[in-house]
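Trainee: Dropping a structure here in structure tokens format, bear with me for questions.
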Amino acid sequence: MALAKNAPKSQFMLSTEAFNEISDVLKELEASTRAELAVFCDANGVPITHAGKPRAIDLTSLSALNAGNYAATREMARLIGESQGFKFLFLEGENKNIYLCNVGYDFLLSIVFAKTVALGMIRIYANKAVKQISGILEKAQKQEQMAEEFLDVEFNTLLGKAFDASFRKPNSSTKTES
Amino acid sequence: MFINWAQKEINLKIVYYGPGLSGKTTNLEYIYQQIDPSLRGELVTLKTREERTLYFDFLQLEFGRIKGMHPKFNLYTIPGQVYYAQSRRIILRGVDGIVFVADSQRDRMIENLDSLLDLEENLINEGKSLESVPWVLQYNKRDLPHISTVEELDRKLNFLRVPTIEAVAVRGTGVIETLKRIIQHVMAHVQEVM
């Protein structure tokens, strides 16, 4: 799980096929470990796919915080001379724990699991999942789909209209003074 | 930018940058209040006991389905204080667009310039620059006394002639317009580089 030496990509596209394959890896990981939740997100905190029962867990916020947390510890590793970064982060709670590790340079895998599940087992299955996902991503990069088809002037015009319709009219929240 | 074809999602990252107390978090709070609640996520804030941004604020916005895709904008603020340099570097990673929130008060010009130089330095560390990343300048706090004129701010901060917006973020003036400008700018840039 060492960090890749290459710089992070500024654009990344994930095909439907790769998405489905990664989702299957997460399902297997969740079933094998009896974890509550396994989330695959990009290193900027965008959740991509998950397995398990998020129930009341806000995956968007969890992923953003995971990414910030991971990036902060990578800088801590650098400060103490650990150039490859830490292999994983383990957050231990009263009832639930979080295991967090990177998948190459651009992605993260986090697992939420109960205290009754052994950390050792999570580590073994997480390592296996990281290898599988890395293989899927490598293959997917060779089959990039084209985005020009929809990211055009019309898209921007429609986005502008949707934007305008999404906000309250100016001062609509202002109460009238009596 | 991250495109998830299976979920038909386009994710873009916009960072609000600027000196401490220039109004970055206020921008996000106003957007959070004004947008249709069904189109936004939670406003995540990591603050110190003194209510200053410690690490970042985060807010995700969606604008429905457009040409079969769901564009999502992930808005982040950075902690403005000088000593949080490391946090700013981390948050800039993977940025697609920047709103630089400048404080219009005359005695804050040096802080604005320092923050802009800090931004340029951090972008260079990411293999980018102020010339390669879409950004807009928000001149905030236009309601306060002792402020620089727009011409002065332009001369000192807007050397790359990027779009500028005058704002009073605490009242919401210029906040939504700023967001719209940066989104337009980012989308135009995405088309250019594709």
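The values are calculated or read from the model by the stated rules, or taken from the named source; none is laboratory data. As the structure is a computational prediction, the values presented were derived from the model and not from experiment. As a convention, Cβ positions derive from the backbone with ideal geometry for all residues, glycine included, and neighbour counts pool all protein chains shown. SASA here: full protein model, heavy atoms, side chains in, ligands and nucleic acids out. Shrake-Rupley method; radii C 1.70, N 1.55, O 1.52, S 1.80 Å.
Trainee: Choose one answer from B:Gly127, B:Gly174, B:Gly41: the residue with the largest mean-square fluctuation in a GNM of chain B with alpha-carbon springs under 10 Å.
Mentor: Per the Cα network of chain B with a 10 Å cutoff, B:Gly127 tops the list.
Trainee: Also, quick follow-up: How much accessible surface area, in Å² rounded to 10, belongs to the heavy atoms of A:Lys161 with a 1.4 Å probe?
Mentor: Roughly 130 Å² of A:Lys161 is accessible to a 1.4 Å probe.
Trainee: Threshold 50 Å², probe 1.4 Å: give the residues of the stretch B:8-42, in number order, that are less accessible with all protein chains present than with their chain alone.
Mentor: Buried by the other chains: B:Gln34.
Trainee: Let me ask something else about it. Would you please give the FRET efficiency between A:Leu91 and B:Gln81, computed as 1/(1 + (r/R0)^6) with r the Cβ-Cβ distance and R0 = 25 Å, to the nearest 0.05? It would help to have the intermediate numbers written out before the result.
Mentor: On the way: r = 26 Å, r/R0 = 1.06.
Efficiency computed from Cβ-Cβ geometry: 0.40.
Trainee: If I compute solvent accessible area with a 1.4 Å probe over the protein chains, what percent of it on the stretch A:16-141 is carbon and sulfur?
Mentor: Values: 3100 of 5690 Å².
C and S atoms contribute 54 percent here.
Trainee: Also, quick follow-up: Could you let me know the centre-to-centre spacing of the stretch B:69-110 and the stretch A:31-108, using Cα atoms, in angstrom?
Mentor: Distance between centres, Cα-based: 23 Å.
Trainee: Hey, another quick one. Could you state the accessible area per residue of the stretch B:2-193 in Å², with a 1.4 Å probe and every protein chain left in place?
Mentor: Details: 7900 Å² over 192 residues.
It amounts to 41 Å² per residue over the stretch B:2-193.
Trainee: Please give the direction-averaged projected area of the C-alpha convex hull for the stretch A:16-141, in square nanometres with one decimal. Could the numbers behind the result be given before it?
Mentor: Details: hull surface 30.5 nm².
Convex hull of Cα atoms, orientation-averaged projection: 7.6 nm².
Trainee: Sticking with this structure for a sec: Take chain B, connect every pair of alpha-carbon atoms lying under 10 Å apart with a spring to form a Gaussian network, then pick out the residue of B:Gln105, B:Gln34, B:Gln138 with the largest mean-square fluctuation.
Mentor: Answer for the Gaussian network model of chain B: B:Gln34.
Trainee: Right, something else. For the stretch B:2-193, what ratio Rg/Rh do Cα atoms give with a Kirkwood hydrodynamic radius? Display every interim value, and only then the final one.
Mentor: Working: Rg = 16.0 Å, Rh = 16.8 Å.
Expressed as Rg/Rh, it is 0.95.
Trainee: Apply the Debye scattering formula to the protein assembly as shown, with a single equal point scatterer on each alpha-carbon and no solvent, then give log10 I(q)/I(0) at q = 0.06, 0.09, 0.10, 0.15 Å⁻¹.
Mentor: -0.23, -0.53, -0.65, -1.39
Trainee: Same structure again: Tell me the total accessible area that B and A bury against each other, 1.4 angstrom probe, in square angstrom rounded to 100. Before the final figure, lay out the partial values.
Mentor: Working: alone 10220 and 11710 Å², together 17480 Å².
Adding both sides of the contact gives about 4400 Å².
Trainee: OK, next. If ligands, DNA and RNA are left out, what is the accessible area of A:Ser134 with a 1.4 Å probe, given in Å² to the nearest 10?
Mentor: Surface accessible to solvent at A:Ser134 totals approximately 40 Å².
Trainee: Using a basic spin-label model with each label point 7 Å from the Cα along Cα→Cβ, how many nm lie between B:Asn125 and B:Gln33?
Mentor: That separation, rounded to one decimal, is 3.4 nm.
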